[in-house]
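Enquirer: Here's a structure for you.
The values are calculated or read from the model by the stated rules, or taken from the named source; none is laboratory data. The model shown is predicted, which means the values in this text are computed figures rather than measured ones. Ideal geometry is used to build each Cβ from the backbone, glycine not excepted, and the neighbour counts take in all protein chains shown.
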Amino acid sequence: MRTKAAVAIAAGKPLEVMDVNLDGPRAGEVLVEIKSTGICHTDEFTLSGADPEGLFPAILGHEGAGVVVDTGPGVTSLKKGDHVIPLYTPECRECEYCLHPKTNLCQSIRTTQGQGLMPDGTSRFSTLDGDPILHYMGTSTFANHTVLPEIALAKVREDAPFDKICYIGCGVTTGIGAVINTAKVEIGSRAIVFGLGGIGLNVIQGLRLAGADQIVGVDLNPGKKPMAERFGMTDFVNPAEVEGDLVPYLVNLTKGGADYTFDATGNVDVMRTALESAHKGWGESIIIGVAPAGAEISTRPFQLVTGRSWRGTAFGGARGRTDVPKIVDWYMEGKIEIDPMITHQLALDDINKGFDLMHAGESIRSVVNY
Ligand code: NAD
Ligand code: DAO
Ligand code: ZN
Ligand code: ZN
């Protein structure tokens, strides 16, 4: 079939909206009509060329929601008409990783997904001239129709609005999951969140859900303060306005250091500040941000010897097919908020405007509707 897509032709170039060919689903695959897709910082990271695994030409996009159009042979858990959210971290429920209680990093299709291919080693996308176009993160939601493995789709309730729940495909789940699944924050905790963007705001709402007493937000952009307060931030710190070193300032503000700190910037210097502003003896620092190719983190080992822990999380530690439908329920039941964070709704032809808004720090989440 033909479908409309925004194609990443090369690093550093705007996406090109065009018609592409899409082959039907093969064994274990599902054809999905994407209704809405969010633009996440990680798409920009790949498009800019900072992602060491970035491949071109490719159809980016990993945050979406849509409807099953067709299923390939052997698909048993989904049928035509089901509402679904694509998962860049699949859940096969059979591999060594899925069976281990301490990780969500299903490895069953990892190799081909990293190569921009379906599990059989081929791509379903091509140009109208027949040249192959690669998939991205196994999802490629910047296309009106896309093919995914069955294990990379969460079935969700049908009354949930696509233009909001698409955000659960990455930002919402990553932020809330980092608090609940990875850090396992206890009631009464003190926490610091570095970076109040599409991920950091969801860390803040996760902390409020978990019953944290103090939620410090740190951002260089003071324009992020009102939204963060709305989601539960108790104190705002702009590093540009702090005289002297930021670490002692934050340690003092949190009465000895935070129980939990989260990096949602992707900046390795911020990651060090986050680790060192965690409480001596027990503080845990969770890295969510993805740093540029070749970047390294550092601290004095004594920071760890004296009881601070450095950890990381992907997709908030969530097992997508199991956890994502529950997060959609939380949204529909009013337990979590999404709508205020979706600052812009765009048509596919305007998708590059979404990237411009992100660069300018003017958006939290831009959603493209097909
Ligand atoms: P964003 O651009 O919306 O937000 C980043 C925020 O950090 C901005 O508000 C910016 O002003 C602030 N910031 C930048 N430098 C800062 C500094 N030095 N000190 C304080 N604040 C600073 O990005 P996002 O969508 O929220 O994503 C955040 C990070 O999370 C990115 O690195 C992204 O790639 C990563 N990410 C990780 C996962 C995962 O599973 N681990 C999932 C999605 C996104
Ligand atoms: O299993 O080796 C692996 C890698 C899984 C990739 C997980 C992605 C982590 C964060 C990327 C940002 C997501 C938008
Ligand atoms: Zn993302
Ligand atoms: Zn698995």
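Enquirer: Could you say whether any residue in region 271-293 is at pLDDT below 95 and touching a His at 6+ places or on another chain (Cβ under 9 Å)?
Expert: yes
Enquirer: For T273, indicate whether it is part of a helix (DSSP H, G or I), more than 20 Å from the chain's Cα centre (by Cα) and touching a residue at least 40 places away in the same chain (Cβ under 8 Å).
Expert: yes
Enquirer: Give region 30-48 a look and list any residue that's crowded, with 24+ Cβ neighbours inside 10 Å and either within 16 Å of ligand 4 (Cβ to nearest atom) or in a strand (DSSP E or B) (or both), or say none.
Expert: Passing the criteria: V30, V32, I34, T37, G38, I39.
Enquirer: Of the numbered conditions (1) farther than 20 Å from T322 by Cα; (2) touching a strand residue (DSSP E or B) at 6+ places or on another chain (Cβ under 8 Å); (3) surrounded by fewer than 16 Cβ atoms within 10 Å (Cβ to Cβ); (4) charged (D, E, K, R), K79 satisfies every one except a single condition; which is it?
Expert: (1)
Enquirer: Got a sec? Which of T37, T3 is among the hydroxyl-bearing types (S, T, Y) and within 20 Å of the chain's Cα centre (by Cα)?
Expert: Selected residue: T37, the only one of T37, T3 that is among the hydroxyl-bearing types (S, T, Y) and within 20 Å of the chain's Cα centre (by Cα).
Enquirer: On to the next question. Please work out which one of (1) within 14 Å of ligand 4 (Cβ to nearest atom); (2) under 23 Å from V7 (Cα atoms); (3) hydrophobic (A, V, I, L, M, F, W, C) is the condition L60 fails and give its number.
Expert: Status for L60: all satisfied but (1).
Enquirer: Still on this structure, I have one more. Of the residues V216, V185, V193, only one is in contact with a strand residue (DSSP E or B) (Cβ under 7 Å, 6 or more places away or on another chain) and part of a loop (DSSP other than H, G, I, E, B); which?
Expert: Matching residue, one of V216, V185, V193: V185.
Enquirer: With the requirement that a residue be among the hydrophobic types (A, V, I, L, M, F, W, C) and under 20 Å from G61 (Cα atoms), what does region 328-359 give you?
Expert: Within region 328-359, V328, I338, M341, I342, L346, A347, L348, I351, F355, L357, M358 meet the criteria.
Enquirer: If I go through region 82-106 residue by residue, how many of them are free of Cβ contacts under 8 Å to residues at least 60 places away in the same chain and either away from ligand 1 (no atom under 16 Å from the Cβ) or on the phi > 0 side of the Ramachandran plot (or both)?
Expert: 8
Enquirer: Given the conditions (1) within 22 Å of F315 (Cα to Cα); (2) at pLDDT 95 or above; (3) crowded, with 16+ Cβ neighbours inside 10 Å, which single one is not true for T3?
Expert: Here T3 clears every test but (1).
Enquirer: Being more than 16 Å from ligand 4 (Cβ to nearest atom), part of a loop (DSSP other than H, G, I, E, B) and of a type in the set (S, T, N, Q) is the filter; apply it to region 92-134 and report the residue that is surrounded by the fewest Cβ atoms within 10 Å (Cβ to Cβ).
Expert: T122
Enquirer: What's the number of the condition T89 fails, among (1) surrounded by fewer than 23 Cβ atoms within 10 Å (Cβ to Cβ); (2) β-branched (V, I, T); (3) part of a loop (DSSP other than H, G, I, E, B)?
Expert: (1)
Enquirer: I've got another one for you. Is it the case that region 56-64 has a residue that's more than 16 Å from ligand 3 (Cβ to nearest atom), at pLDDT 95 or above and either touching a Leu at 6+ places or on another chain (Cβ under 7 Å) or assigned to a loop (DSSP other than H, G, I, E, B) (or both)?
Expert: Yes: region 56-64 contains one or more residues that are more than 16 Å from ligand 3 (Cβ to nearest atom), at pLDDT 95 or above and either touching a Leu at 6+ places or on another chain (Cβ under 7 Å) or assigned to a loop (DSSP other than H, G, I, E, B) (or both).
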